[in-house]
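> Submitted below is the structure of interest, expressed as structure tokens.
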Amino acid sequence: MAKTHTRYVCQQCGRVAASYMGKCPQCGSFSSMVEEIVHEEPVSKSSANVRGLSGRSQPRPIDEVGGDAEDRVHLPIGEFARVLGGGIVLGSIVLIGGDPGIGKSTLMLQMAMEMANSQRVLYVSGEESERQIKMRAVRLLNGKKELPKNLLLVTETNLEVILNHVNELKPDLLIVDSIQTVYLSELDSSAGSVSQVRECASHLRELAKSSGVSVFMIGHVTKEGAIAGPRVLEHIVDTVLYLEGDRFQAYRLLRSVKNRFGATAEVGVFEMREGGLIEVTNPSEAFLAERLVNAAGSTIAVTMEGTRPILVEIQGLTSPTQFGNARRTPNGVDFNRLLLISAVLTRRVGLKLSEQDVFVNVVGGIQIDEPAADLAIAAAIASSWKDVPVRAEAVLIGEIGLAGELRMPGQMVARLREAQKLGFKTAIVPKAIRQGEAYPKGIEIVEVRSLDQALSAALMKDGLASKARKSE
């Protein structure tokens with residue numbers, strides 16, 4: 001006889017408890033415990049049916065295992081292929097997350113239509129009907145191409161039915177939109193719960209590994225920005241991608257945070273238009289297209305997104321505070337990093353920012369997390385405070401220390417090559433202590449040791465940073 005018991009599972013961290021608790025003791029979430037009824041079937045000791053990827057497994061010596069590179073399928077969307085590591089790996093399972101309305105379903109439908117020209121694609125939707133998906137596909141194509149014949153649509157949420165469709169149609173690519181809407185009838189919990197998400201993702205992983213079908217799953221995110229489920233999905237899949245960006249900005253960043261077949265922290269840049277997500281092959285040029293040259297408070301930083309250097313404009317603005325405490329407002333920059341840079345400018349350079357509200361903005365909606373943009377942020381703030389523009393043809397690269405010194409970031413040569421390619425004539429960088437790869441020719445390298453020297457070289461009036469100590 002099957003035994004039945006009740007348990008409570010936290011929908012945020014997956015903790016299991018025997019009784020209901022208003023607050024999860026592991027993650028601290030309130031009202032996240034959901035009741036689940038578990039049926040335990042008796043297991044026979046002589047049972048030979050063991051769940052696995054392909055029946056019984058057989059250990060082999062490591063020298064007999066094939067060591068060839070994984071097979072990849074060409075993906076016509078270049079930015080998407082870059083993030084995946086060069087193409088779609090056969091038998092891989094990929095999870096794509098992002099905020100609602102950011103463009104996840106649009107990107108997946110565009111990829112499905114492109115891949116349907118050479119492969120058989122099954123698009124399973126639990127949120128939209130086949131008619132709605134076709135309407136979106138017609139809008140994306142805009143009459144330029146015909147709808148592909150090898151793209152099959154179905155609206156289904158029962159995973160057993162979906163697997164039957166896969167066995168009958170034998171697709172090369174399976175897209176599930178979204179994993180939170182799919183459920184297994186053998187589980188009593190509702191769709192989207194931790195148990196359903198974990199079991200459904202495990203079944204899809206076994207399908208991918210045993211049959212060679214490439215599986216793409218769309219995942220919802222929580223208010224904190226993490227993929228709902230909670231993080232059990234990220235451990236099951238091979239690749240985790242996040243589609244980021246502001247809904248009111250044109251640019252979208254497809255970021256890889258886990259990839260078993262390629263580099264992590266890789267980024268693809270897209271622009272949202274009427275025809276869907278369009279590739280941005282040169283994001284630096286796009287981010288600098290509307291730059292106002294010789295404007296006070298505007299500097300150029302070179303940030304690394306994965307293996308790609310991207311030039312972005314950083315804007316700084318200082319304004320006399322109207323309240324007792326000065327405000328620090330960053331957009332695209334870490335708040336604590338802005339506090340650190342403001343303190344160094346006040347203490348080491350002599351800028352009196354204690355009575356100034358400081359605003360920093362990264363143009364284009366991109367988020368900068370690396371310290372190599374410290375010098376550009378400091379120069380933008382100092383330029384606005386003195387109302388003197390930074391040299392328009394210069395890029396600023398460097399990490400700022402608490403003593404006001406500048407430190408060398410990584411991949412400096414790649415950053416300088418990208419700046420030279422876009423026509424910048426000067427680069428203000430920290431002085432190299434150790435000899436490394438030679439800097440590219442064609443761009444003037446100004447090496448400085450301190451933030452004071454860097455501001456003197458960057459601002460259009462000589463010695464302005466030194467004079468700041470004596471002002472007021």
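> Rank-order 192-201, 257-266 by packing density, defined as the average count of other C-beta atoms within 10 Å over each peptide's residues, highest first.
Result, highest mean first: 192-201, 257-266.
> Another one. Can you give me the three principal axis dimensions of region 371-466 from its C-alpha atoms, in Å, biggest first?
36, 30, 20
> Over the alpha carbons of region 219-375, what is the largest minus smallest coordinate on each principal axis, giving the biggest first in Å?
If we take the Cα atoms of region 219-375, the spans are 51, 35, 28 Å.
> Compute the acute angle (0 to 90°) between the alpha-carbon long axis of helix 159-169 and the principal axis of greatest extent of the alpha-carbon atoms of the chain; round to the nearest 10°.
It works out to around 80 degrees.
> Let me ask something else. Using the Kirkwood radius over Cα pairs, work out the Stokes-Einstein diffusion coefficient for region 286-467 at 4 °C and 1.567 mPa s, in µm²/s as a whole number.
Taking Rh from Cα pairs, D becomes 81 µm²/s.
> Report Rg(Cα)/(2.2 N^0.38 Å) for the chain, keeping two decimals.
Taking the Cα Rg and dividing by 2.2 N^0.38 Å, one obtains 1.18.
> Computed over the Cα atoms of region 71-281, what is the convex hull's projected area averaged over all directions, in nm²?
Over all viewing directions, region 71-281 projects a mean Cα-hull area of 11.0 nm².
> Same structure again: Say a paramagnetic label sat at a point 7 Å from the Cα of Thr6, along Cα to Cβ; which residues of region 165-207 have their backbone N under 20 Å from it?
Only 187-191, 193-196 pass the distance filter.
> Taking the Cβ-Cβ separation of Ser202 and Met135 as r and a Förster radius of 35 Å, what is the calculated FRET efficiency to the nearest 0.05?
After rounding to 0.05, the efficiency reads 0.55.
> Here's something else I'd like to know. Taking H placed 1.01 Å from N in the peptide plane, check which residues at least 5 places from Glu127 or on another chain put their amide H under 5 Å from its amide H.
Here Ser178 satisfy the definition.
> For region 162-273, evaluate the Debye formula with one uniform point scatterer on each Cα (no solvent term) and list log10 I(q)/I(0) at q = 0.20 Å⁻¹, rounded to two decimals.
For region 162-273 at q = 0.20 Å⁻¹, log10 I(q)/I(0) is -1.17.
> On a 21 Å Cα-Cα criterion, which of the cross-link pairs Lys104/Lys134; Lys3/Lys23; Lys421/Lys441; Lys134/Lys258; Lys144/Lys170; Lys386/Lys425 come out too long?
Long pairs (Cα-Cα over 21 Å): Lys3/Lys23; Lys134/Lys258; Lys144/Lys170; Lys386/Lys425.
> Ignoring everything except DSSP H segments at least 4 long, calculate the 222 nm mean residue ellipticity for the chain; use -39,500 (n - 2.57) per segment, divide by total residues, nearest 500.
Here the helix-only value at 222 nm equals -7000 deg cm²/dmol.
> Right, something else. Return the percentage of antiparallel bridges among DSSP beta bridges fully within the chain, rounded to the nearest 5 %.
Beta bridges within the chain, antiparallel portion: roughly 55 percent.
A short reminder: the numbers here are calculations on the coordinates, not readings from a lab. Given the structure is predicted, the values throughout are model-derived calculations rather than measurements. So basically every Cβ, Gly included, is an ideal-geometry build from the backbone, and we count neighbours across all protein chains shown.
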